[in-house]
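The values are calculated or read from the model by the stated rules, or taken from the named source; none is laboratory data. In this text, all values refer to a predicted model and were calculated from it rather than measured experimentally. Reconstructed Cβ throughout: ideal geometry from the backbone, glycine too, with neighbour counts over all protein chains shown. We work out accessible area using only protein heavy atoms, side chains counted, and drop any ligands, DNA or RNA first. Shrake-Rupley method; radii C 1.70, N 1.55, O 1.52, S 1.80 Å.
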Amino acid sequence: MTEFISRLFIISVLSFPALSFAITIPGNIHPERYTFFLTDRGGEMLREMNDAAVSVKLNNKVGFSAEAQSKAAAANISPLLYAASPLEQNFIRYDSKPVKALTCLVTTRTMPGQNKNYTWEETYCLDETGAAYIGTKGWPSRAIVEKSCEAGVPSCPVYLGLNNDPPTMRNDAAQYIPYNSKRVSRNKESNSQPKPAAGEMVAEQDGYVVNYVKGSSCADNKLVVKNTSSGKTAEIAGLNGCSFDPRKNAVIIFPQNEYVGVYSGPTNASEEIASVDLP
């Protein structure tokens, strides 16, 4: 196991163009390629290993913790780390989400020695986001795999494409987006926006819905508009929840004008008492 983990760091000597969107796979690549769909537990294991790998990079740690090494041994694969490169120049998944599927291949590596050549096999995988993984004990462990299919079968998604694949070969590979601390901060801020709880739907139009969400008191009541395509939400501010009544006050969505209006009466002919731009 120590040899496996150390090899993850030795691999930094490979050709690696900064901010490239494709990994370099060395050695003699075997023709077999499979996509493995992970169990819920398997996806969580890889999520935890990815989080550990991100922590290694961001905190300049020497290597994985014993717990992360144990998970790597159980899964037969681990996040691919380029030791000499920062997180921005790695292919480590940093969204802290479970991994759903991997497409993997095996390659034979040969290194000349003083008295003989040394040969070993390495497994390379990409997940559905383009994040990379490596192993040295064959395919991912059956313990983390729910089902698999062979690349080349039309119904089998392929997340790891090769430069010499025929044009008819299916390719579902996602372009990996390198880590960027500013972008991650923005994503965290956008994910922290208010999410509507279950409530009464008072308006729906062209992919937008407005829910009337009741709180513990009338002052906590609120109207929340949601973009059903993106999932983004916006709360209609400046509205007194104690005075709003969904049976008396009209709520109208104007997609072309990109806003929602709330009115004092049953139609928009009455006074507008609150509004918000569509998210």
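Go through LYS97/LYS226; LYS71/LYS97; LYS100/LYS147; LYS226/LYS248 and tell me which ones have a Cα-Cα distance over 20 Å in this structure.
Long pairs (Cα-Cα over 20 Å): LYS97/LYS226; LYS226/LYS248.
Residues in the range 100-119 near a label at CYS156, defined as backbone nitrogen under 14 Å from the 7 Å Cα→Cβ point?
102-106
Which of the aspartates and glutamates could a cross-linker bridge to LYS137, judged by Cα under 15 Å and excluding same-chain residues fewer than eight apart?
Those aspartates and glutamates meeting the cut-off are GLU3, GLU121, GLU122.
Please compute the net charge surrounding GLY161, taking Lys and Arg as +1 and Asp and Glu as -1 over other residues with Cβ under 14 Å from its Cβ. Don't jump to the answer; show the numbers that get you there.
Details: positive: ARG33, ARG170; negative: ASP127, GLU128, ASP165, ASP172.
Counting the neighbours of GLY161, the net charge comes to -2.
Counting alpha carbon pairs within less than 8 Å and at least 6 residues apart, what relative contact order, in whole percent, applies to the range 18-179? Spell out each step's value before the answer.
Details: 325 pairs, mean separation 50.6, N = 162.
Taking the mean separation of contacting Cα pairs over the length of the range 18-179, I get 31 percent.
For the range 35-108 and the range 115-186, what is the centre-to-centre distance using only Cα atoms, to the nearest Å?
Cα centres, the range 35-108 to the range 115-186: 12 Å.
Under 18 Å Cα-Cα from LYS182, which lysines qualify once same-chain neighbours fewer than 8 residues away are excluded?
List returned: LYS57.
Relative to the compact globular guide of 2.2 N^0.38 Å, what is the alpha carbon radius of gyration of the range 18-179, as a ratio?
Rounded to two decimals, the normalised Rg is 1.02.
May I ask you to order 139-150, 67-78 by the average number of other C-beta atoms within 10 Å around their residues, highest value first?
Working: 139-150: 16.2, 67-78: 19.2.
Packing proxy ranking, top to bottom: 67-78, 139-150.
For the range 200-277, which whole percent of the accessible surface, found with a 1.4 angstrom probe, sits on carbon and sulfur atoms? All intermediate terms of the calculation are to be shown ahead of the outcome.
Details: 1840 of 4430 Å².
Carbon and sulfur atoms account for 41 percent of the accessible area of the range 200-277.
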